[in-house]
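Asks: What follows is a structure written as structure tokens; I'll ask about it next.
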Amino acid sequence: MASAPSKLYADDVSLLVVLLDANPFFWSASSLPFSKFISHVISFLNSVLLLNQLNQIVVIATGHNCCDYVYDSSSPASRSAGTGKLSALSVDLLEKLEEFVCRDEKLLKKEPEGSIASSLLSGSLSMALCYIQRVFRSGPRHPHPRILCLHGSQDGPEQYVAIMNAIFSAQRSMVPIDSCFIGAQNSAFLQQASYITGGVYLKPQLLEGTFQYLSTVFGTDLHSRGFLQLPKSVGVDFRASCFCHKKTIDMGYICSVCLSIFCKHHKKCSTCGSVFGQPHSEAASEPNKKRKAGDT
Amino acid sequence: EDEDDVDGLEAWERAYADERSWESLQEDESGLLRSIDNKALYHAQYRRRLRAASRIQKGLIRYLCIVIDLSRAASETDFRPSRMAVVAKNVEAFIREFFDQNPLSQIGLVTIKDGVANCLTDLGGSPESHIKALMGKLECSGDSSLQNALDLVCGYLEQIPSYGHREVLILNSALSTCDPGDIMETIQKCKKSKVRCSVIGLSAEIFICKHICQETGGLYSVAVDESHFKELILEHAPPPPAIAEFAIANLIKMGFPQRAAENVISICLCHKEARGGGYTCPRCKARVCELPTECRICGLTLVSSPHLARSYHHLFPIAPFDEVTPVLSSSQHKLPKSCFGCQQSLLNPGNRPSLSVECPRCKQFFCIDCDIYIHESLHNCPGCESFR
């Protein structure tokens, strides 16, 4: 499903799909206020639209309880005139974002336990990839798509399988996943995403300068990246976590039936029920219905 | 040239004589020409495939030998430019797709030429070495011999670990086979060794091939043209249903090396030269260039967690979506106006609802293109992932 070069517009036309983290639990504890962050992002998005008349931008908000599209530069509804001080993009985006945050709050069922309040990154990644597939289908000429994650929430281990599926699908369609991570500690999921798909992972050191990081590192189209010195990946942690203790291991045992990872020898696989050393039967091998795979 | 001039028609003329593609042009409401609406047809085909693939256990660690027939029948030009060239091109695509979907599996290549089966490459996990070996030696002559091929393959597959699934894929161009003994005995031997043989024929249906596949539980198909052949061979890329007694469940010891930074230089085992980056075996600290691989010093299988994760969608598949019949009644207001995944309008011009599907778990609606993409490539339902 890769896009052939002859089908594209000129090399420097981009479709930028931005996954904006709107997780209230993360933003309430962040050193940079959400409003300041949004103003950096809006300036950045306006600058991308100015780079080329044909550039397109789509913004998907990643909430704690839901994800949704909040801006699409190619939809006819987004042509509302801006006021004197704010551009059309700002007006539309802020309006939809407010609606989204209210909806997200209403859907809150219970407070998250422990310190991990992750947002639904797998959902917005999946939606972004569906949108990009639609662009590929749209006809013989389309822009170069790429995904930019503006993310700060911690990784949710329950999303591991879904995020890996999205990453592999992006790799097959040749869509790079860039990340500008504004949280406290590095996100292993986003580092792997950028490594596998050929995108750029950046954790800015000074959040007050977010606009500068965004425009210098993530503003350029894919063709120009060949001529730029962008931040290289400094060691990606590909080690696995064992399913039994969730600790990171560098040597382990894999069940040959379901590929679950264990840190020491067991007689029976806890995921698929196969007994090791004996021919396995169909009855014992119904895999778990929920995707409770270990994290990275 | 001779091969193009069948029935007195040139090759380009045949396309018009057979297909008459101008007759299937249609006009849309505004009078503009549009090409054939293949979408609904393609979607119906896809849904048939989906129903067939229910939740069965699959054999994830596969050892597959591909047997390529290079007898003189492979130089026939009914597949343009020749059967051998079409087979080679599609085997290359298949090898890449196979390692993409089955990163822990291994492939070996065998050729049949002059009635003798030769091993082209040993069982290994690196796509490039197989493809290079295949493209290097493409000449055909002599007879085909199915029995020699099966004997050779059984011998190789005896040596693999007991948890692996043994498979053979024979790409047969010939209409006859020249065997030194009783092929029925060889078939029974394969059956006893639990080798699953599948055959793709390029000429016509042959009884012995059908018999081999039936006895060993494989798949037999015959290709009618180049694109059909490509479809048939790529069907063998996803893991087949596992026949329960065929492989013994076992715990395999594997290592998960860390990737070193680009400026750390050391001598690698595969190329025997000093390079930066690379991975370090956790047991013996030797350096390898790429994963997955087997450490040459201590024999530990080295993989990265994404390699294992590539197969998890086989273990946690998503439910097929339900078709929504577009009913022009008052219930129309229940249908959302756009696809949840790609925001494409679910209404045809004129506000008639077009074909859409609904996820049984999260109750979100999707267009049929997203349905195909989600189930064939993404393996995540955006609706289920976007709600807690």
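Asks: Cut-off 10 angstrom, C-alpha nodes, Gaussian network model of chain B. Which of B:V91, B:V67, B:V324 fluctuates the most?
Replies: B:V324
Asks: Antiparallel as a % of all DSSP beta bridges within chain A, to the nearest 5?
Replies: 30
Asks: Which lysines does A:K96 reach when only Cα atoms under 26 Å apart count, and residues fewer than 8 places away in its own chain are ignored?
Replies: Within reach: A:K36, A:K85, A:K106, A:K109, A:K110, B:K334, B:K337, B:K363.
Asks: What are the residues whose amide H is under 5 Å from the amide H of B:L302, where those residues sit 5 or more places off or on another chain and H is modelled from the backbone?
Replies: HN-HN under 5 Å from B:L302: B:G255, B:T293, B:E294, B:C295.
Asks: Let me ask something else. So which cysteines in chain A don't have a second cysteine's C-beta under 4.7 Å from them?
Replies: Within chain A, the cysteines lacking a partner Cβ under 4.7 Å are A:C66, A:C67, A:C102, A:C149, A:C180, A:C244.
Asks: Moving to a separate point now. Straight-line reach from B:K113: which lysines fall under 21 Å, measuring Cα to Cα and dropping same-chain residues less than 8 apart?
Replies: Answer for B:K113, where 21 Å is the Cα cut-off: B:K89, B:K132, B:K137, listed by chain and number.
Asks: Follow-up. Can you spot the lysines whose alpha carbon is less than 26 Å from A:K268's alpha carbon? Ignore those fewer than 8 places along the same chain.
Replies: Of all the lysines, those that pass the test against A:K268 - Cα under 26 Å, at least 8 places apart if same chain - are A:K246, A:K247, A:K289, A:K290, A:K292, B:K58, B:K194, B:K253.
Asks: If you don't mind, there's one more thing I want to ask. Starting from the Kirkwood radius over alpha-carbon pairs of the protein assembly as shown, derive D by Stokes-Einstein at 4 °C in a medium of 1.567 mPa s and give it in µm² s⁻¹.
Replies: For these conditions, the coefficient is 47 µm²/s.
Asks: Residue by residue, what Karplus-based ³J(HN,Hα) values in Hz, rounded to whole numbers, does the stretch A:34-49 have, using 6.51, -1.76 and 1.60 with θ = phi - 60° and x for Gly and Pro?
Replies: For the stretch A:34-49, the Karplus curve yields 4, 5, 5, 4, 4, 5, 4, 5, 5, 4, 4, 5, 4, 5, 5, 5 Hz.
Asks: Picking from A:P140, A:P176, A:P204, which is most flexible by a Gaussian network model of chain A using Cα springs under 10 Å?
Replies: Greatest mean-square fluctuation among the candidates belongs to A:P140.
Asks: Can you list residues whose amide H is under 5 Å from B:A242's amide H, if they're 5+ apart or on another chain and H is modeled 1.01 Å from N?
Replies: It is B:Q57, B:K58, B:G59, by chain and number.
Asks: Ranked by Cβ crowding within 10 angstrom, fewest neighbours first, how are A:L206, B:L219, B:L315 ordered?
Replies: Neighbour counts put them in this order, fewest first: A:L206, B:L219, B:L315.
Asks: Counting only other chains, what is the mean number of Cβ atoms within 10 angstrom of the Cβ of each residue in peptide A:57-70?
Replies: Mean inter-chain Cβ contacts per residue within 10 Å come to 2.
Asks: Just flag the trypsin sites (Lys or Arg not before Pro) in the stretch B:178-286 sitting in loop per DSSP whose Cβ has no more than 15 other Cβ atoms within 10 Å.
Replies: Here the sparse-neighbourhood loop sites are B:K272, B:K285.
Asks: Antiparallel DSSP bridges in the stretch B:57-246: what percent, to the nearest 5?
Replies: Details: 7 of 31 bridges.
Taking every DSSP beta bridge within the stretch B:57-246, about 25 percent pair in antiparallel fashion.
Asks: With springs only between Cα atoms under 10 Å apart, run a GNM on chain B and tell me which of B:G108, B:G155, B:G59 wobbles the most.
Replies: Top of the fluctuation ranking is B:G155.
Asks: Another one. What is the local net charge at B:Y279, summed over the other residues whose Cβ is closer than 10 Å to its Cβ (Lys, Arg +1; Asp, Glu -1)?
Replies: Taking every other residue near B:Y279 into account, the sum is +1.
Asks: So, with +1 on the Cβ of K and R and -1 on the Cβ of D and E, and no other charges, what is the size of the charge dipole of chain B about its Cα centre, to the nearest 20 debye?
Replies: 2720
Asks: Okay, moving on. Are there any GluC sites (Glu not before Pro) in the stretch B:220-317 that are in a DSSP loop and have at most 15 other Cβ atoms within 10 Å? List them by number. Don't skip to the answer; put the middle values down first.
Replies: Working: sites: B:E226, B:E231, B:E235, B:E245, B:E262, B:E273, B:E290, B:E294; in loops: B:E235, B:E262, B:E273, B:E290.
Listed in order of number, the matching sites are B:E235, B:E262, B:E273, B:E290.
Asks: Let me ask you something else. Take peptide B:97-108, look around each residue's Cβ out to 10 angstrom, count Cβ atoms belonging to other protein chains, and average those counts.
Replies: Per residue, the number of nearby Cβ atoms from other chains is 1 on average.
Asks: How many percent of DSSP beta bridges within the protein assembly as shown run antiparallel, rounded to 5?
Replies: Among the beta bridges of the protein assembly as shown, antiparallel pairing accounts for roughly 45 percent.
Asks: Out of B:V357, B:G277, B:H130, whose Cα points farthest toward the positive end of the dipole of the protein assembly as shown (charges: +1 Lys, Arg; -1 Asp, Glu; placed on Cβ)?
Replies: B:G277
Asks: Follow-up. Once the other residues with Cβ under 12 Å from the Cβ of B:Y373 are scored (Lys, Arg +1; Asp, Glu -1), what is the net sum?
Replies: Its environment carries a net charge of 0.
Asks: Ok, one more. Over chain A, what number does the Rg to Rh ratio reach, with both radii from the alpha-carbon atoms and Rh per Kirkwood?
Replies: Here Rg/Rh amounts to 1.01.
Asks: Shifting gears a bit: Could you compute the net charge surrounding B:D143? Neighbours are other residues with a C-beta less than 14 Å from the C-beta of B:D143; K and R count +1, D and E count -1. Don't skip to the answer; put the middle values down first.
Replies: On the way: positive: B:R72, B:K113; negative: B:D69, B:D114, B:D179.
Every neighbour counted, the sum reads -1.
Asks: In addition: Once phi is turned into ³J(HN,Hα) by the Karplus curve 6.51 cos²θ - 1.76 cosθ + 1.60 with θ = phi - 60°, what whole-Hz value does each residue of the stretch A:147-164 show in order, with x for glycine and proline?
Replies: Along the stretch A:147-164, the couplings run 10, 10, 9, 9, 10, x, 5, 6, 5, x, x, 5, 8, 4, 5, 5, 5, 5 Hz.
Asks: In what order do B:F229, B:F366, A:F276 fall by count of nearby beta-carbon atoms within 10 Å, going from fewest to most?
Replies: Arranged by neighbour count, lowest to highest, B:F229, B:F366, A:F276 become A:F276, B:F229, B:F366.
Every number in this text was worked out from the coordinates using simple rules, so none of it is lab data. Computed from a predicted model, the values in this text were never measured in an experiment. Positions of Cβ are generated from backbone atoms using ideal geometry, with glycine treated the same way; all protein chains shown enter the neighbour counts.
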